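Q: Please see the structure below; I have some questions.
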Ligand SMILES: Nc1ncnc2c1ncn2[C@@H]1O[C@H](COP(=O)(O)OP(=O)(O)O)[C@@H](O)[C@H]1O
Ligand SMILES: [Mg+2]
């Protein structure tokens, strides 16, 4: 099935000049988002993520390049047309940007003012608050709500104009992990039930991992790596991408603990301490069984982490493999042939395969 392109950024370039200093915030970035995607853009603070996504609805005008959204060349629109197009692109933010002197219902109703009758607005607000699970709090004020509830209001408000695209700029960054997870679940639910296309800006790969089907890694104004979530997790190429993925596994802490274990302290000269990473059906059990049965290599699993990404296992093991060097070499070939990524943790040759 050919998927419809809803956002196409072509060679987007944004340069700021601040007090005579040139900042190249976005450096000739191409980005294609298809309908129904939850497209994660991950990067450290200052990478240019916010500036890039703000060129989608022209909250930021690029100094170069093209922004095509829902078939419109955004830069060719007059002010009135642009206002209309922006209705089709909702946005949520880290700090919610709610009006504190207005009730929840009034905040959600705000974008509808002047477009609909009072009764229509009330019906719409009721259904939006229900959608985000806040129908009981319509008359509360923002100060009475938790952070997670405030973001639910932000989401309801962003959906008031029935947008086809939602841009989420660090929308969970001010929230604790459990609340973050529930907001991400809500976004996923809206994606599935409304067909909403979502661009999710974050500095947390954990958030990308939870709901995105695509991911781009941004650094110094450029997208340095991009692709399907599973493909990127299975075979990251750039070190920054690997670092972001590792934040979701807590591998550093595991490795520190593993290094204290007798099996590692007393490594035989031919033993290998390795990290094995795989995506897909192969689980640790058949892997380890095959290494022994077919290659006479024993695997001592010191740490294992298996997560489910989009319904597919993503496994990370720290193992000691023991065998003759000939058997180990054949085992490495087997692992390589089965798309298991092998990284040496013992300071010996970096890629054994
Ligand atoms: N309005 C602006 N004027 C000048 N510099 C800016 C402006 N907005 C962003 N920048 C600079 O552009 C770079 C990218 O910023 P930003 O897009 O906010 O990154 P991110 O969202 O990834 O943290 C930073 O160096 C930032 O200081
Ligand atoms: Mg930002």
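Q: How far, in degrees from 0 to 90, does helix 147-158 lean away from the longest principal axis of the Cα atoms of the chain, to the nearest 10?
A: Between helix and principal axis, roughly 60 degrees.
Q: For labels at residue 307 and residue 143 in the simple 7 Å Cα→Cβ model, what's the distance in nm?
A: 3.9 nm
Q: Using only helices, what value at 222 nm comes out for the chain when you add -39,500 (n - 2.57) per DSSP H run of length 4 or more and divide by the total residues, to the nearest 500 deg cm²/dmol?
A: Working: 13 runs with 123 residues, N = 353.
My calculation for the chain gives -10000 deg cm²/dmol from helical runs alone.
Q: Additional query: Apply 1/(1 + (r/R0)^6) to the Cβ-Cβ distance of residue 17 and residue 87, taking R0 = 35 Å, and write down the FRET efficiency to the nearest 0.05. It would help to have the intermediate numbers written out before the result.
A: Values: r = 32 Å, r/R0 = 0.91.
With a Förster radius of 35 Å, E is 0.65.
Q: Given 0.36 nm per residue, what is the gain on full extension from residue 176 to residue 220 after removing their alpha carbon distance, in nm? Spell out each step's value before the answer.
A: Values: separation 44, 0.36 × 44 = 15.84 nm, distance 2.75 nm.
Taking 0.36 nm per residue and subtracting the Cα distance, the gain is 13.1 nm.
Q: When ranked by the protection proxy of mean other Cβ atoms within 10 Å per residue, highest first, what sequence do the peptides 14-21, 33-40, 224-231 form? Walk me through the numbers on the way to the answer.
A: Numbers: 14-21: 10.1, 33-40: 20.8, 224-231: 17.0.
Going by the mean number of other Cβ atoms within 10 Å, highest first, we get 33-40, 224-231, 14-21.
Q: Roughly how tilted is helix 325-337, in degrees to the nearest 10 and between 0 and 90, from the longest Cα axis of the chain?
A: 20 degrees
Q: Under 1.5 on a/c is rounded, so check that first for segment 5-234, then, if it is not, pick prolate when a/b is larger than b/c and oblate when it is not; a ≥ b ≥ c are the square roots of the alpha carbon gyration tensor eigenvalues.
A: Numbers: a/c = 1.71, a/b = 1.39, b/c = 1.23.
Here segment 5-234 falls in the prolate category.
Q: Separate question: For residue 333 and residue 24, calculate 0.36 nm times their separation in residues minus their Cα-Cα distance, and state this gained length in nm to one decimal.
A: Working: separation 309, 0.36 × 309 = 111.24 nm, distance 4.42 nm.
Going from the current span to full extension adds 106.8 nm.
Q: Of the DSSP beta bridges with both residues in the chain, give the percent that are antiparallel, rounding to the nearest 5.
A: Numbers: 46 of 65 bridges.
Bridges in the chain are about 70 percent antiparallel.
Q: Show me the ranking of peptides 211-222, 293-304 by mean Cβ neighbours inside 10 Å, starting with the highest. Don't skip to the end; give the middle numbers.
A: On the way: 211-222: 22.2, 293-304: 16.5.
The peptides rank, most packed first, as 211-222, 293-304.
Q: Using the count of nearby Cβ atoms within 10 Å as a rough guide to exposure, how do 248, 197 rank from fewest to most? Show your work: numbers first, answer last.
A: Working: 248 20, 197 23.
Sorted ascending by nearby Cβ count, the order is 248, 197.
Q: What is the distance, in nm, between label points placed 7 Å from the Cα along the Cα-to-Cβ direction at residue 252 and at residue 326?
A: 4.3 nm
Q: Now, a different point. Can you give the Kirkwood hydrodynamic radius of segment 196-353 from its Cα pairs, in Å with one decimal?
A: Numbers: mean 1/r = 0.0600 Å⁻¹.
Taking every pair of different Cα atoms in segment 196-353, averaging 1/r and inverting gives 16.7 Å.
Q: Continuing with this model, one more query. Jot down the per residue volume, in cubic angstrom and as a whole number, of the convex hull over the alpha-carbon atoms of segment 250-323. Walk me through the numbers before you get to the answer.
A: Working: hull volume 5.6 nm³, N = 74.
Each residue corresponds to 76 Å³ of Cα convex hull volume.
Q: Here's a follow-up. For a paramagnetic label modelled at 7 Å from the Cα of residue 10 toward its Cβ, which residues of segment 64-96 fall within the zone defined by backbone nitrogen distances under 13 Å?
A: Of the residues in segment 64-96, 65-69, 71-76 have backbone N under 13 Å from the label point off residue 10.
Q: Multiply the residue separation of residue 110 and residue 63 by 0.36 nm, subtract the distance between their alpha-carbon atoms, and state the gained length in nm to one decimal. Display every interim value, and only then the final one.
A: Working: separation 47, 0.36 × 47 = 16.92 nm, distance 3.19 nm.
13.7 nm is the gain from fully extending residue 110 to residue 63.
Q: Measure off 7 Å from each Cα along the Cα-to-Cβ vector at residue 100 and residue 266, then give the distance between these two points in nanometres to one decimal.
A: Each label point lies 7 Å from its Cα, and together they span 6.4 nm.
Q: Relative to the longest principal Cα axis of the chain, at what angle does helix 177-194 sit, 0 to 90 degrees, rounded to 10?
A: Here the helix axis deviates by roughly 70 degrees.
The numbers here are math on the coordinates, done by the rules we state, and not lab data. As the structure is a computational prediction, the values presented were derived from the model and not from experiment. Here the Cβ is made from the backbone with ideal geometry for all residues, glycine too, and neighbour counts use every protein chain on show.
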